[in-house]
Structures are given as structure tokens and as C-alpha cells.
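What follows is calculated from the coordinates using simple rules that are stated; it is not laboratory data. Quick caveat: nothing in here was measured; it's all calculated off a predicted structure. Neighbour counts are summed over all protein chains in view; Cβ atoms, including those assigned to glycine, are modelled from backbone coordinates with ideal geometry.
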Amino acid sequence: MNEKQQSLLLESAARFPPPKGVKLSYGTAGFRADASLLESTVFRVGILAALRSLKTGSVIGLMITASHNQVSDNGVKVADPSGGMLTQDWEPFADAIANAPDPHSLLQLIIEFAKKEDIGFEGRQPAEVLLGRDTRPSGEALLDAAKQGITSIVGAIGTDMGVVTTPQLHWMVRARNRGMEASESSYFHQLSSSFRCLMDLKPEGIRKNGDDNALVVDGADGVGGEKLEHFRKMLTGLCIEVRNRGDGMLNEGVGADYVQKEKVAPRGFGPADAGLRCASLDGDADRLVYFSVILNESNKIELVDGDKILSLFALFIKEQLSILNDGESKKDNDSYQAHLGVVQTAYANGASTDYLKEMGLEVVLTPTGVKYLHEKAAEFDIGIYFEANGHGTILFSEAYLCRLESTHKTLLSTSECLTQSPSLL
């Protein structure tokens, strides 16, 4: 590291002294605390994100949010090139620089870590970090601190993606590193296109009532409600009403975490909603639970939490794999059997774990924390995990996606041959 780079780091770090007597640690969701304590930490995470970009030669993400926490809190976390969470190997470094007492101590830690990780500062592709934040009032000032941390690495660029949901920021990082357009419109287009494809698979002749296409969503007075207002206009086959779009206090009596823990309807929902399908997002829209209001039971609800969502996904995918395998086995006796795995923690509903095993699904347990669930799920061809609070996802390995794409092309080719040669039918 040359003198110019060292001077720039010392000069910029001097503008962001750490709060005295405060020690922070990078947890599953990064650093979180009262927003007034975070400026120094977010500045330093900006440095970390730039270093991670130099190390990987890829675009990195930095999201400023405290998810389901109260509005006075905030936080910061890093997204790796794949769109996933920061590798656990870098978490000790994150802790160390966040708690370095002064600029010189911070600089020494960076020099030592850069040497250990073989991070070069000259002659390589410049670092680039995509920045996002939720709707918290403290977000703008913290975003500026992050930018100053990023640009304290010579040549590094911080690109502000604006107010976005956490899933949007992660998707944008993945998209950029795959050479795709990383815009909000592209994100919405992919989701709406996928939804239309899914709806096209719906069997014909299924009876439905007038409420089947209706969904009422609690936006937690956060960024999710705001974005859903735009997205719902792109959907066909689903009529969405969004409540708690920012007219109340963020995460106060609303949101997925509140609904899941309290087992009651969020603010703005009541007896008139009995019989309707309802859902709650959290403050940064990376949690989702469903519920229905019970008739004549005040604000009590029937809850579909993460354990139930996981079970529904797992059974659906198991069924689709069975159909796919049956089709392949008719053509090829050596058809490939995808490795499907369900990942839970010890805090998952034990009844759901037993049920999934009884249905013939492979269930594995990890320590509590999304980073452990995500890491284990990535070991499968298809890995599914959801916490009870509605935080989860489904992962498809790159190898299996390639196989599915190959199978799709083969089926299209066969279909075209049959269409062109009716005598074969």
C-alpha cells in the first residue's frame, strides 16, 4: 500500500471517530444498533466492501437497513458477488475494523489484512460497490458515510441504487456480476415474468371463488409497501391491495416479525378482512408471512409462518421433480435424480420437521442464523430454508440450472420435430 493510499485512509477515518465505550459485532445480518452510534461503523464497512471488490474482482453490495427493528435503529451489511451474504471468513475482519479505536489502528489492520488476502491496490480493476438503503430517516446520512468509506480506497466507486428492498439490492449485485442490467425495472420484469410462467402451469378446470385472486398485504410502513405499489401494476392474475405503505410508524404494530411473534393481525386489519388472504412484509421486505383473520375473534389470526411456507414449497418441488423424473426415465434409464434438501434450525417447529421427514424429504439442521442455513442449502441441487419469521429462500445450484436448461431445450426440440412431422405422432 503506497503513501497516497495510507494518507487517504488516515484522513478520511479521522472524520468518523468511533463512539466511546461501544463494541459492535457483525452478526447474521451485519451490524445493527441505534442509528446515532453507527456512522463510524458504516464508514468502515464501506472500506471493507471496497476491499472485498478488489479481492474478488467483482461488484459488491452494501445495504443500510435494520430490517424489522424499530425506526430509531439502523444497520449495515455486505452482499457478496453471488448476491448472497458476506463470506463468514471476512466477519472477524469486519469486527476488528469496526472496533479499531483510532485511524492508525484501523490503517494497520487494513494493511495486515490486505497482505494476508493478497489484495493489490494498484494496477487492478477498480473496486465498485452498489449501495442501497431502506426508508429510515437516518439512512441518508449513513449512506454518505458508506460512500466516504468506499472512496477512501483509491479508484473505488460507490453507486447509489437509491431506496430499495434488501432482496432488490442482493439481486442487483448478482445481476451486475452476470452482465445483466441491474435496475429496479429489470428486477420487477423478471419477477412478473416468472409469476406469469408459474400461473401458466395452473391446471385448467380448477374451481375458484371471487377471493382466489385477491391478496391484502401489510407493507410494515417500510420500503416493501412502497415498492409493491409499483410492482402490483405489472402482475396479471393477482389483485393486490397494499396497506401500511408508510403512513404510520415503521415496524410499530405491523410487519412480519410482529405478526409472527404476537399471532395477531397488524394495524389496519380487522374483522372486515375475515376470509381474505393476507400477508405481512417486514421493514426491508426480506421476510414474509401469510395469515387470515378469524371471524368473530377480534384481531386473532390463522398464521402461515416460515415453517409452513417451507413445507408448501418443499412438497410442491418434490412433486414437480417426480413428474420430471418420470418423464426422463421413459427416455433414459439413467435419468438424473436431483438432490433436494430442506434446512432448518433447532428452533423450527418440531411438527413441521417430523412432517417433512414423513413425506420422504431430507431434512438437515444447522445452528441458528440465516448464514448457516444459506450455506448448508447451497450444498444441494435444490436447497430450501425458511425461518419461522418468514426469512428464507430456495437455492438452485448452477449445475442443476444448466441441466434444467438442457432438458428444456431437448423438450422444445422434440416438440418442434413432432410438429413438423405429424406422421410420427
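By counting other Cβ atoms within 10 Å of each Cβ, how are CYS197, CYS278, CYS239 ranked from fewest to most?
Lowest to highest Cβ neighbour count: CYS197, CYS239, CYS278.
Among the listed pairs LYS227/LYS318; LYS318/LYS409; LYS308/LYS409, which are separated by more than 24 Å between their Cα atoms? Mind showing how you got there, number by number?
Numbers: LYS227/LYS318 32 Å; LYS318/LYS409 22 Å; LYS308/LYS409 34 Å.
Check vs 24 Å cut-off fails for LYS227/LYS318; LYS308/LYS409.
Only counting other Cβ atoms within 10 Å, I'd like SER193, SER311 sorted with the fewest neighbours first. Could the numbers behind the result be given before it?
Details: SER193 11, SER311 22.
Ranking SER193, SER311 by Cβ neighbours within 10 Å, fewest first, gives SER193, SER311.
May I ask for log10 I(q)/I(0) of the chain at q = 0.10, 0.11 Å⁻¹, from a Debye sum over the Cα atoms as equal point scatterers with solvent left out?
Per q value, in the given order, log10 I(q)/I(0) is -0.78, -0.93.
For segment 3-180, what ratio Rg/Rh do Cα atoms give with a Kirkwood hydrodynamic radius?
Looking at segment 3-180, the ratio lands at 0.93.
What percent do you get for the relative contact order of segment 252-365 when only Cα pairs under 8 Å and 6+ apart count?
Computed value for segment 252-365: 18 percent relative contact order.
Return the FRET efficiency for the residue pair ARG178, TYR347: r is the Cβ-Cβ distance, R0 is 25 Å, and the value is rounded to the nearest 0.05.
0.15
Please report how many Lys pairs in segment 3-180 have alpha carbons closer than 27 angstrom, counting only residues at least 8 apart along the chain or sitting on separate chains.
Going through segment 3-180 pair by pair, I get 20.
If the convex hull of the alpha-carbon atoms of segment 176-283 is projected onto planes in all directions, what is the mean projected area in square nanometres?
Projected over every direction and averaged, the Cα hull of segment 176-283 covers 8.7 nm².
Full extension from SER82 to GLN320: what is 0.36 nm times the residue separation minus their Cα-Cα distance, to one decimal in nm?
Extending this stretch completely gives an extra 83.1 nm.
Compute the distribution of all C-alpha to C-alpha distances in segment 54-94, in bins of 10 Å from 0, and list the percent of pairs in each, rounded to whole numbers.
All Cα pairs, binned at 10 Å, distribute as 25, 48, 22, 4 percent.
Per-residue counts of other Cβ atoms within 10 Å, averaged by peptide: what ranking do you get for 383-394, 259-270, 57-68, 400-411, highest first?
57-68, 383-394, 259-270, 400-411
Starting from the Cα-Cα distance between ALA141 and GLN70, subtract it from 0.36 nm times their residue separation and give me the gain in nm to one decimal. Intermediate values should be presented prior to the final figure.
Values: separation 71, 0.36 × 71 = 25.56 nm, distance 1.76 nm.
In short, 23.8 nm is gained.
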